[in-house]
Each structure stands twice: as C-alpha cells, then as structure tokens.
Ligand code: PLP
C-alpha cells in the first residue's frame with residue numbers, strides 16, 4: 001500500500017537515536033535526583049564557551065554593518081569577503097594558496113558532507129565508511145542514493161584495517177569518508193596510515209579509470225592532545241575534499257557554520273565545486289547563516305579554550321585503566337571508546353544507567369563491544385562520576 005509520506009523519511013523522523021534517548025532519560029532522571037547527580041556522558045555538546053572574540057565580532061557586526069546587508073542573502077556559496085578571510089586563514093596555517101573560490105560555506109559539517117555526497121554520487125555508487133563512525137554518515141550516504149560500505153574497526157588502535165579496505169574497494173566506489181580526530185574513538189589517523197591510504201586510493205583510482213574522492217570530515221581538527229599531529233590530507237592525496245565546522249572548535253554548534261573546501265589540486269576541481277554547489281541548491285542549503293559567516297571568518301584563526309578536554313581525557317583515562325577498563329588513548333576530540341565490560345555493549349550501557357552513568361553503546365557506531373564516553377563536561381563532574389564507574393567495573397569484573 002502506498003503511503004502518504006516517504007517511508008524512509010518517516011522512519012528517520014520517528015526513530016529517536018540512542019544518544020537522544022539517553023539524553024532525554026538524563027533530563028528526566030535529573031528532575032528526580034538533581035542534575036549534579038546524573039553523569040551524562042551521552043552527547044557531544046562543547047562544554048567550554050566560545051572565546052570573547054566571538055561575542056566581540058557579533059557586537060561589532062551588529063553595531064557597524066548595514067543590517068540590510070548583514071541579515072540579507074549572501075551569494076549561494078557564501079559571502080565573498082568571508083570566504084576570502086577563511087581562505088587566508090587556511091593559507092596561513094597550512095602554507096597554501098587557496099582562493100575564496102575553493103570554499104563553499106554550509107550550515108555545519110553535516111550540510112558540508114551532504115553537499116559532497118550528493119554532488120559526487122550517482123545512484124548505486126558506493127561510499128566507504130570506517131567503523132567506528134559518526135552514525136549520520138549512513139543517513140547522509142543513503143540520502144545521496146549511494147550505498148554505504150562499512151569497513152570493520154581495527155580495535156587494536158582504531159587506525160585502518162587495510163586488508164578489509166582492499167577487499168571492499170571496487171570500481172563502484174566513488175568516495176571514502178575519513179574522520180580524524182575521530183568520533184567516537186578519539187583516534188587521530190597517523191601520517192603512516194594516511195600515506196598508506198593515499199597510495200592505495202591512487203593506485204585504485206588509476207586501475208578503475210576514475211578518481212576515488214577522499215572526504216575528510218574534520219570538525220575536531222583543533223581538539224588534539226599533547227604532541228599529536230593531524231596530517232593535512234590534501235598534502236597526501238590530491239583528490240581530498242574537506243568538510244569543516246566551527247561547531248566544536250569555537251563551541252558554536254547551534255549557529256550552524258562550516259564549509260566544503262575543494263582544493264585546486266582536485267581533478268576537475270571546477271566541475272566538482274559546481275556539483276557541490278548544485279547539491280547545495282537541490283537540498284535547499286544555499287546561503288549558510290549570514291551573520292555567522294562573518295563571525296567565523298573574523299575568528300577563523302582562533303579556538304575556544306580547549307585544554308580542559310585534555311585534562312578530562314587524562315583524568316578519565318588514568319582512572320578507568322586503574323579500575324580495569326581497556327581504553328585506547330585518544331589523540332583528540334572529547335570522546336573515548338573503552339571496551340564494554342560485558343559482551344553485549346547495549347546491556348552494559350543499560351547496566352551503567354543503574355549507576356546514573358549515561359554512556360552510549362558502540363553498536364550504533366558500527367563497533368559493538370565498546371561504549372562511547374563524551375567527556376565534554378565540567379572536570380568536577382568527571383571526578384564525581386568515578387565512584388560510579390568503579391562500582392560498575394566491580395560488578396562486571398567480579
Ligand atoms: N561529523 C562528526 C564526526 C561529528 O561528530 C559531527 C557532530 O557531532 C558532525 C560531523 C556534524 O557537525 P556539525 O554540527 O558541524 O553539523
């Protein structure tokens with residue numbers, strides 16, 4: 001029987017994500033036992049404020065710029081001056097010479113990814129996704145009528161299982177999504193991993209007679225710990241498209257600003273850029289939020305005070321390991337992805353709830369047997385949660 005609505009969209013719109021379920025549960029529980037007694041590690045909302053320069057830029061724009069211009073439509077791809085300032089910032093930091101015309105501004109990394117996937121893929125093209133992955137990749141890829149192909153996780157260190165990747169590659173593969181620093185594992189793909197990936201994709205692109213694009217999703221680029229280096233992918237692979245966002249680095253997830261960068265090294269870069277612009281048009285994503293185009297451009301060299309995430313990581317890592325949890329040390333982000341202490345990660349996360357610990361089962365990230373802890377919370381909350389983690393460990397390891 002045909003439905004009045006699109007069945008796939010109805011499912012997406014009515015199925016609440018596990019993360020949202022937990023978040024809602026946390027709010028209900030907080031009303032009963034007090035917010036400070038719920039250890040909600042479910043959601044990836046930055047816990048530090050934006051730098052003062054963000055508010056200063058907003059105030060300055062509001063007081064000095066013609067409001068008709070400021071709040072008016074910009075070009076579909078974003079205001080030219082804003083794109084120029086963002087390109088200049090990239091050029092300073094990565095020693096490039098990108099022009100404003102390599103940038104397509106979007107409402108966050110989510111829209112940037114959708115523009116890339118819709119711009120590149122024809123129906124039945126395949127998109128490679130490495131587990132553990134940001135669950136929306138599946139939704140975005142299917143939304144672009146392409147087929148997601150999952151490469152199982154290398155749980156030893158959350159780099160890439162190259163044997164699995166090699167056996168998945170075939171001429172239908174149009175793109176590979178790489179997310180580094182990674183949500184949910186916190187892993188940063190090393191230079192040697194990136195080089196090996198680039199060599200393989202180069203060889204396969206030649207063999208198949210068409211480029212395999214590398215879509216680099218990097219909203220956590222600046223959230224890295226100690227001396228970890230995040231390789232700049234266009235330095236290693238010419239057909240890289242970058243999806244970026246200020247949601248995490250400037251703590252602005254609600255303001256929805258990001259971009260697609262199509263470096264001029266990309267094969268047929270003008271064509272690719274035009275297809276991305278076309279996807280933006282077809283999805284109704286033209287003209288990213290106007291005020292924040294200018295704010296992010298003005299603050300493109302800056303970040304929030306991100307050090308607290310490393311403090312939290314160090315504290316949690318040391319304590320969890322002491323309690324008997326197995327954790328691969330994150331190189332960045334504000335997530336860690338320990339092994340569940342029960343075979344079934346969903347049952348383990350459920351058991352954690354009895355201690356008012358809200359952690360997300362790894363199954364939703366394509367990596368069962370693990371759980372994600374989002375430690376973008378005040379450090380004191382982590383200190384307070386340790387006895388709950390310990391009680392849970394004692395119960396499961398007994
Ligand atoms: N990609 C990853 C890996 C993320 O974790 C997120 C958000 O949490 C996004 C993309 C979407 O970010 P945005 O808020 O910029 O749309």
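Bear in mind these aren't lab numbers, they're just calculated from the coordinates by the rules spelled out. Remember, predicted model here, so these are calculated numbers, not experimental data. Positions of Cβ are generated from backbone atoms using ideal geometry, with glycine treated the same way; all protein chains shown enter the neighbour counts.
Using the alpha-carbon positions of the stretch 1-119, Rg (one decimal) and Dmax (whole number) come out as 21.1, 58 Å. Each stretch of four or more DSSP H residues adds -39500 (n - 2.57); spread over every residue of the chain, this sum gives -13500 deg cm²/dmol at 222 nm. Within the listed set 152, 67, 181, the residue fluctuating most in the Gaussian network model of the chain (springs between alpha-carbon atoms under 10 angstrom) is 67. The packing ranking, built from the mean of other Cβ atoms within 10 Å per residue, places the peptides 352-363, 213-224 in the order 213-224, 352-363, highest first. For the stretch 154-250, the alpha-carbon radius of gyration amounts to 1.09 times the rule-of-thumb value 2.2 N^0.38 Å expected for a compact globular protein.
In terms of Cα atoms, the Rg and Dmax of the stretch 295-353 work out to 16.0, 49 Å. The stretch 128-156 and the stretch 176-224 have Cα centres separated by 13 Å. Remark: the chain projects, on average over all directions, an area of 21.5 nm² (convex hull of Cα atoms). Relative protection proxy for 13-25, 316-328, from highest mean packing down: 316-328, 13-25 (other beta-carbon atoms within 10 angstrom).
Just so you know, the averaged projected area of the alpha carbon convex hull for the stretch 88-206 sits at 8.3 nm². From the alpha carbon centroid of the stretch 91-114 to that of the stretch 283-348 is 22 Å. Of all the options 315, 241, 117, the one that moves most in a Gaussian network model of the chain with Cα springs shorter than 10 angstrom is 315.
Quotient of the Cα radius of gyration of the stretch 239-398 and 2.2 N^0.38 Å, N being its number of residues: 1.34.
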